[in-house]
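Novice: This is the structure I have questions about; it appears just below.
The values are calculated or read from the model by the stated rules, or taken from the named source; none is laboratory data. Treat the numbers as computed from the prediction; the structure is a model and nothing was measured. FYI the Cβ positions are ideal-geometry reconstructions off the backbone, even for glycines, and counts take in every protein chain you see. In case anyone asks, the SASA skips ligands and DNA or RNA and just uses the protein heavy atoms, side chains included. Shrake-Rupley method; radii C 1.70, N 1.55, O 1.52, S 1.80 Å.
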Amino acid sequence: DTAVSQTPKYLVTQMGNDKSIKCEQNLGHDTMYWYKQDSKKFLKIMFSYNNKELIINETVPNRFSPKSPDKAHLNLHINSLELGDSAVYFCASRSLGQGDSPLHFGNGTRLTVT
Amino acid sequence: DAKTTQPPSMDCAEGRAANLPCNHSTISGNEYVYWYRQIHSQGPQYIIHGLKNNETNEMASLIITEDRKSSTLILPHATLRDTAVYYCIVRRPTNAGKSTFGDGTTLTVKP
């Protein structure tokens, strides 16, 4: 009965490859996010989708492309992976319509690019 | 969203109350104060939030000063499992969630 689940938990790949991370939430939330946490532990928002529509797109390279097939899913595809993409990626969700609803996070995907 | 300032680290003895401060002097009237924590290798976990009144739940208490420029998260009886990084965030309820997580406070609970 996991609320926000991400797969895979670990991802090790070589530079130049293309990879995807999947996220699903069963909380009925209408808004989902991707955050990146680098080696310095700073959590930075990357994208936000509300009802499958992109509403936040921070300064993220075009190699990163989020896709939301429905309200419960937000996947992250990364093309031409670089060493600097190594980080932990967290998916989160909340109900925007409820105003002060908190964020619910997944347990992260640790991406290592070699 | 208003910026927050937290001490980088704190220690607390097991069984004692842990009081984690947060300054948010530029907070505006409709911004909520949220607290999250991140235990090593896990995703951030929501703890509590409030607007201006003090709040309490099964995890913690939140004390917000009358001028709302600062707040304190209180873990009444800290355990070793409460060792984590604690983040204080201020956000407008209509904001789509562009929550900025600062450096947080690393709380170490010691036996």
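Novice: Rolling a 1.4 angstrom probe over the protein chains, ignoring ligands and nucleic acids, what is the accessible area of A:Tyr10 in square angstrom, nearest 10?
Specialist: 140 Å²
Novice: Sticking with this one: May I ask you to evaluate 6.51 cos²θ - 1.76 cosθ + 1.60, the Karplus curve with θ = phi - 60°, for each residue of region B:9-24 and list the ³J(HN,Hα) values in order in whole Hz, giving x for glycine and proline?
Specialist: Listing the rounded values in order: 8, 8, 10, 8, 7, 4, x, 8, 7, 9, 10, 10, x, 8, 9, 9 Hz.
Novice: Sort region B:35-111 into rounded, prolate or oblate with this rule: let a ≥ b ≥ c be the square roots of the eigenvalues of the Cα gyration tensor; rounded if a/c is under 1.5, and if a/c is not under 1.5, prolate when a/b is larger than b/c, oblate otherwise.
Specialist: Details: a/c = 2.05, a/b = 1.29, b/c = 1.58.
The shape class here is oblate.
Novice: With every protein chain in place, what's the accessible area of B:Leu80 (1.4 Å probe, Å², nearest 10)?
Specialist: Only protein atoms counted, so the area is about 80 Å².
Novice: While we're here: Can you give the accessible area per residue of region B:1-76, in Å², using a 1.4 Å probe?
Specialist: Details: 4020 Å² over 76 residues.
Here the per-residue accessible area is 53 Å².
Novice: In addition: Within 10 Å of each Cβ in A:49-55, how many Cβ atoms from other chains are there, averaged over the peptide?
Specialist: On the way: counts 1, 2, 0, 0, 0, 0, 3.
For this peptide, the per-residue mean of nearby foreign Cβ atoms is 1.
Novice: Estimate for me the total accessible surface buried between chains A and B (protein heavy atoms, probe 1.4 Å, no ligands or nucleic acids), in Å² to the nearest 100.
Specialist: On the way: alone 6470 and 6450 Å², together 11180 Å².
In total, this chain pair buries about 1700 Å².
Novice: Can you tally the net charge around A:Ala87? Count Lys and Arg as +1, Asp and Glu as -1, for every other residue whose Cβ sits under 12 Å from the Cβ of A:Ala87. All intermediate terms of the calculation are to be shown ahead of the outcome.
Specialist: Values: positive: A:Lys36, A:Lys40, A:Lys41, A:Lys44, A:Arg110; negative: A:Asp38, A:Glu82, A:Asp85.
Here the count lands on +2.
Novice: Okay, next question. Which ³J(HN,Hα) values in Hz, rounded to whole numbers, follow from the phi angles of region A:13-30 under the Karplus curve 6.51 cos²θ - 1.76 cosθ + 1.60, where θ = phi - 60° and Gly and Pro get x?
Specialist: 8, 9, 3, x, 6, 10, 9, 10, 10, 10, 9, 9, 10, 10, 9, x, 6, 9
Novice: Let me ask another. Out of the GluC sites (Glu not before Pro) in region B:12-60, which ones are loop residues according to DSSP with at most 15 other C-beta atoms within 10 Å?
Specialist: On the way: sites: B:Glu14, B:Glu31, B:Glu55, B:Glu58; in loops: B:Glu14, B:Glu31, B:Glu58.
Those satisfying the criteria are B:Glu14, B:Glu58.
Novice: Then there's this: Hey, any idea what % of chain B's accessible area is carbon plus sulfur with a 1.4 Å probe? Walk me through the numbers on the way to the answer.
Specialist: Details: 2750 of 5570 Å².
Summing carbon and sulfur atoms, their accessible area is 49 percent of the total for chain B.
Novice: With no other cysteine's Cβ closer than 4.7 Å, which Cys residues of the protein assembly as shown count as lacking a disulfide-compatible partner?
Specialist: B:Cys12
Novice: Do you know which residues of region A:56-81 lose at least 10 square angstrom of accessible area in the protein assembly compared with their chain on its own, with a 1.4 angstrom probe?
Specialist: Going by heavy-atom accessible area, the residues of region A:56-81 that drop by at least 10 Å² are A:Ile56, A:Glu58.
Novice: Using a 1.4 angstrom probe and counting only protein chains, how large is the accessible area of B:Arg92 in Å², to 10?
Specialist: Looks like 90 Å² after rounding.
Novice: Here's another thing I want to ask about it. Among A:Lys19/B:Lys3; A:Lys41/B:Lys110; A:Lys36/B:Lys69; A:Lys19/A:Lys52, which pairs are too far apart, with a Cα-Cα distance over 26 Å? Provide the component values of the computation, followed by the final result.
Specialist: Numbers: A:Lys19/B:Lys3 34 Å; A:Lys41/B:Lys110 22 Å; A:Lys36/B:Lys69 29 Å; A:Lys19/A:Lys52 21 Å.
Pairs exceeding the cut-off: A:Lys19/B:Lys3; A:Lys36/B:Lys69.
Novice: Could you give the length gained by full extension between A:Asp18 and A:Asn107, i.e. 0.36 nm per residue of separation minus their alpha carbon distance, to one decimal place?
Specialist: Working: separation 89, 0.36 × 89 = 32.04 nm, distance 2.20 nm.
Full extension of this stretch gives 29.8 nm more.
Novice: If you roll a 1.4 Å probe over the heavy atoms of the protein chains, what accessible area per residue do you get for chain A, in Å²? Write out the running numbers ahead of the final one.
Specialist: On the way: 5610 Å² over 114 residues.
Accessible area per residue, chain A: 49 Å².
Novice: Averaged over its residues, how many other protein chain Cβ atoms are within 10 Å of peptide B:40-50's Cβ atoms?
Specialist: Details: counts 0, 5, 5, 15, 11, 4, 7, 1, 1, 3, 1.
If you average over the peptide's residues, the count of other-chain Cβ atoms is 5.
Novice: Follow-up. Give the carbon-plus-sulfur fraction of the accessible surface of chain A in %, rounded to a whole number; probe 1.4 Å, heavy atoms of protein chains only.
Specialist: Values: 2670 of 5610 Å².
Here it works out to 48 percent.
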